[in-house]
Structure formats: C-alpha cells, structure tokens
Amino acid sequence: MNAKQIIGYAVGPIGSGLIGLITLPMITWFYSVEDVGRISMLQVCTSFFVLLFCLGLDQAYVREYNESINKPQLLKVVLLPSLIISITVLSIVYLYDSLIVSQWLYGIASPYLSIISMSCFFVALVARYVSLILRMQEKALAFSMSQLLPKILFLIFVLCVVYLGFATDSYSLITANALSLFAAFVVYLWNTKCDWLPFFKEKFDWQQFKISLAFGLPLVIGGLASWGLNVMDRIFLRNMSTYAELGVYSVAMSIAGVAALFSGIFNTIWAPMVFKWVSEGNIDFKTIDDISEYVLAAIYFMVVLSGLFSWIIPRFLPQSYAEIQFIITACLLGPLFYTLSETTAVGIAIARKTKLAMLASIFAVLINLVGNYILVPEYGTKGAAAATAIAFWSFFILRTEFSKLVWRKVPVLKSYICVTVLTLCAVMSMLFLSKNLLVFIVLWLVLLFIGLFVFLNIIKKLLVKFRMGF
C-alpha cells in the first residue's frame, strides 16, 4: 500500500471529523439535549441492525476476497442472505406493531418515525456491502467518500432545516439523518454498478456460503458483544437515567470519535493489508511488532493530550455540556484500545480462530454490563464512561492473550503497563478530580513527561524519518 492510498483512506475519517466539528456544536445549539439523545439511539440501533443481519458475512467477504476467483459470485453469496432475512424481519415487526420502533427508540409513538428508522436500518445494511467493494478494490478515495458524503449531506440538510425555519425537533433531525443516508446510498450504487450488477447473473454457491458462514457466524456473536461494548453505556443511560444525560454522553462520544480519527484510518488499512501479506506468503513479524509499538505510542499521547486540553471543549458548547471535559478522556479509550488490539490480536483472524474473538468480546461485554449496572445509577455519565473504559481494557488483554495462544508470542509488557496506567488515570481523575481542575491537569502533565521518556526511541526514529522525508 503506497502513500497515495494511505492518504486516500485518511480523507474519509479526517473529513468526517472536520464535518463533525462543524455539525456537532451547531446541533447542540439548535436542538435540545433530548433530541441529541434520540438521534444517538437511532445510530446505536442502526449499527446493531447492520451487525446482526450481516451474519458475519461482511467479514467473510473481506477475508475471502483476495483468494476468490469469482468476486461477483462471492458478493452474491454474502449479500443475498442478509437481504432476505432483514426484509422479512422488518416486515414482520412493522405488521405486528407500527409504533414499536419509535416508541422504544425515542419515547414517541409515531408510525412515520418507525418507517423512516427501519428504512435507515436497511439502507445502512446494503451500504455496508457496497463500501466493502470499494475497500477491497483499494479504491481509497472512493471508500473514504462513502464515509464522508453522508456526513456532508447531513450537515446540508440540518442547515436547510434551520435556514428555512422548520421545527428543530426530533422529527426534523431524524429525517435529515435519513435523507443523508438515502442520497449517499444512491450515489454509491451508481458508482459501483459495474461491480454489483453481475451479481444477478451468478449462481448461488452453497459451498462458498458454508465456508463464509462458518467463518463469519462466530463473529456475529463476538460482534454483538463488541457492539454491546460500544453502546451498553448508552442503553443503560437510556433506561436508568434521562435523555438529557444520554445527550451529553452521546456528544462526548462523538467528540471522542473525532479525536480518534487515527483509529478509523488505521482499522480501514490494517486488516486488508495483513490478509494480503498472508495470501502472498510475505508476512513479516518484526514489521507487525514495530507497527504495534508505534500505535501504542500514538494512543498514549492522544489520551494524555486529551486529558491536558479537555478544558477547552466546553467553550464551544452550551453550558449544559460542561461535564464533557471530564469524561472525554475515558470515552477515548474504547476506540483506541480496540485499534491497539487489532495489532496485537491479528493472529486470531489469521488462524481463523474467530470463536476466540467471540469469547473475548463476550467476557468484556459482561464486565461492561456489570460496571454500568453498578456505576450509572450513582455517577451517571461518568459511571457509563468508567464502565466502558474498564471493559475495553479487559477486551484488549483478552484478545491479545488469545492471539498468543493460537498464533505466536508477541511482546506485550509495555503495552499492558501503558493501557493499565491510562485506564486507571482516566477513570480515577474523572470520578474524583472533576472538582479540582488544576490537579486534574497536573496529573496528565506528569503522564506526558513519563511518556516522552518511555517512548524516547520511537520519537527519535520518527524525527530521523521526518528529516529524511520518509
């Protein structure tokens, strides 16, 4: 993978982050905290629907793509079962009760919101496969645009709502989200028509389906557990707190997503690149270990710097979001620890031992469940952030240890120490130092100097590379 492709893949996460920096503060000023909480529930359930009804076959598509001779047939094998099952389930749910979706998600009894929400679910499912076509063909810029365009359109639709004087309520916000998904989806269907149109001419290969399902199905359970890791906090806040608290927490997680652009870029590039090395018989263990250490260093400094400068965030948001400055660092740990585990636990996918990934996710989500149950009633958003951070810490440890069992021993001591220190400091400072901002900042400043010492060799290597122009 060359520099041009890496830059192309980076455009999506970076562009999405920049658009988010514009969209997010605007939404918080024009929409209520409760409305922000409701749109968060739509996003949570959309991700759940895609994960469940992909049946793990999207991951099988990524795994088998480079080794498949007939790629349109492979697409049919993974996509058709998802389409049939999802359409059937959505139809049954709506016929049973046209209000059940909107009532559960938003606390509003509305057939319109139910229909538009289910439409979002289905469009997002198909869009998942369309984006994988671009990803596996290494059309980096096109793949990035599949991430970026819906966010650009969402911003445009929200601006239209405000400018034209429409009601700034849950209906307009959810409609804007749906229109952005639909419009972007049509564009990508058109752009990939040469890749998916042959789909209809191919016969369904049952043997390939069995292979793909055997690989992907365990990932559904593991994926659902991973989904639980990412959204358990919001579900507990939804049921044991208020939409206002959910809205504050959702904005914090959105900001954390912007700050963790690194995760999106790396995760997009890493898995296909490693699988390509495996298919070519050209895998270099030292390169993987070196990349893992670079990722560890990047994550360490991103977390520490977020703690140092989190006090700036409330200046751009309404006063009701002031608590975000103390929970943002803990919110960062989830996506960053997941990214780090992708480097230390890559052996699970290489060895096709996906059941171990499932077990790691299940154990971690149980920890998250217990943590949220204990902490959310007393600490609210801080409790949710703490429970999720601890769960992702355990997820990283478990995935890494399982990978060592089935693949090879990897150096982990430095990683384990760093992630443990970051987790402890993020959680303890959030829960007990939020009333003393000076001590809070001093803590992260001390960690910054410790990191400069621990990662001195990596910093020197990077400086040398910059001087040589890479």
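The values are calculated or read from the model by the stated rules, or taken from the named source; none is laboratory data. Note that the structure is predicted; figures quoted are calculated from it, not measured. We place every Cβ from the backbone using ideal geometry, glycine too, and count neighbours over all the protein chains shown.
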**Residues of the range 361-371 classified as out of contact with any Lys or Arg (no Cβ under 9 Å at 6 or more places or on another chain) and crowded, with 24+ Cβ neighbours inside 10 Å, total** = 1
**Item:** Exclusive hit being of a type outside the set (Gly, Ala, Ser) and either under 16 Å from the mean Cα position of the chain (by Cα) or modelled with pLDDT of 90 or more (or both), set Glu378, Glu342, Glu323
**Value:** Glu342
**Any chance Ala225 is of a type outside the set (D, E, K, R), touching a Ser or Thr at 6+ places or on another chain (Cβ under 7 Å), assigned to a helix (DSSP H, G or I) and at pLDDT below 85** = yes
**The listed residue being surrounded by 22 or more Cβ atoms within 10 Å (Cβ to Cβ) and free of Cβ contacts under 8 Å to residues at least 60 places away in the same chain, out of Ser102, Ser117** = Ser102
**Request:** Please enumerate the residues belonging to the range 188-217 that are over 22 Å from Leu55 (Cα atoms), crowded, with 16+ Cβ neighbours inside 10 Å and not polar (S, T, N, Q).
**Result:** Tyr188
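Output the residue which, of all residues in the range 326-359 that are among the aliphatic types (A, V, I, L, M) and more than 22 Å from Phe285 (Cβ to Cβ), is surrounded by the fewest Cβ atoms within 10 Å (Cβ to Cβ). Don't jump to the end; show me each part of the working.
So the first thing to find is which residues in the range 326-359 are among the aliphatic types (A, V, I, L, M), and the list is 327-328, 330, 332-333, 336, 340, 345-346, 348-351, 356-359.
So of that shortlist, the ones also more than 22 Å from Phe285 (Cβ to Cβ) come out as 327-328, 330, 332-333, 336, 358-359.
Working: Ile327: 29, Ile328: 23, Ala330: 31, Leu332: 28, Leu333: 28, Leu336: 27, Met358: 22, Leu359: 18.
Ranking the candidates gives Leu359 first.
Matching residues to (1) part of a helix (DSSP H, G or I); (2) not polar (S, T, N, Q):
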residue	(1), (2)
Val62	yes, yes
Ser86	yes, no
Leu95	yes, yes
Ser98	no, no
Met145	yes, yes
**Prompt:** Is there any pair linking a residue in the range 158-186 that is in contact (Cβ under 8 Å) with a residue 12 or more places away in the chain and assigned to a loop (DSSP other than H, G, I, E, B) to one that is crowded, with 19+ Cβ neighbours inside 10 Å and not aliphatic (A, V, I, L, M), with Cβ under 6 Å and at least six apart or on different chains, and which?
**Reply:** Thr168/Tyr31
**Asked** Is it the case that the range 242-252 has a residue that's polar (S, T, N, Q), more than 30 Å from Gln325 (Cα to Cα) and modelled with pLDDT under 80?
**Response** no
**Item:** Test result for Thr329, over 16 Å from Thr400 (Cβ atoms), of a type in the set (S, T, N, Q), in a helix (DSSP H, G or I) and in contact with a Ser or Thr (Cβ under 6 Å, 6 or more places away or on another chain)
**Value:** yes
**Complete:** (1) of a type in the set (S, T, N, Q); (2) loosely packed, with under 12 Cβ neighbours inside 10 Å; (3) in contact with a Leu (Cβ under 9 Å, 6 or more places away or on another chain) all hold for Ser415 apart from (2)
**Prompt:** Hey, Leu75 hits all of (1) at pLDDT 85 or above; (2) out of contact with any Lys or Arg (no Cβ under 6 Å at 6 or more places or on another chain) but one; which does it fall short on?
**Reply:** (1)
**Request:** Assess whether Ser32 counts as being closer than 22 Å to Phe157 by Cβ, at pLDDT 75 or above and surrounded by fewer than 20 Cβ atoms within 10 Å (Cβ to Cβ).
**Result:** yes
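A quick yes/no check of all residues on (1) part of a helix (DSSP H, G or I); (2) in contact (Cβ under 8 Å) with a residue 12 or more places away in the chain; (3) out of contact with any Gly (no Cβ under 9 Å at 6 or more places or on another chain); (4) within 14 Å of Thr423 (Cα to Cα):
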site	(1), (2), (3), (4)
Phe275	yes, yes, yes, no
Glu293	yes, yes, yes, no
Ala297	yes, yes, no, no
Ser310	yes, yes, yes, no
Ser320	yes, yes, no, no
Leu336	yes, yes, yes, yes
**Prompt:** Does Val410 satisfy the condition of being crowded, with 17+ Cβ neighbours inside 10 Å, more than 23 Å from the chain's Cα centre (by Cα) and either farther than 19 Å from Leu336 by Cβ or among the hydrophobic types (A, V, I, L, M, F, W, C) (or both)?
**Reply:** yes
**Asked** So is Ile108 over 27 Å from Trp190 (Cβ atoms), in contact (Cβ under 8 Å) with a residue 24 or more places away in the chain and either assigned to a helix (DSSP H, G or I) or over 19 Å from the mean Cα position of the chain (by Cα) (or both) or not?
**Response** yes
**Asked** When residues of the range 366-425 are filtered for being within 24 Å of Glu323 (Cβ to Cβ) and among the basic types (Lys, Arg), how many remain?
**Response** 1
**Request:** Tell me which of these Asp289 doesn't satisfy, since it passes every other one: (1) closer than 29 Å to Leu219 by Cβ; (2) part of a helix (DSSP H, G or I); (3) without any contact (Cβ under 8 Å) to a residue 40 or more places away in the chain.
**Result:** (3)
**Prompt:** Counting residues that are among the basic types (Lys, Arg), which helices (runs of 4 or more DSSP H) fully inside the range 388-470 reach at least 2?
**Reply:** 456-467
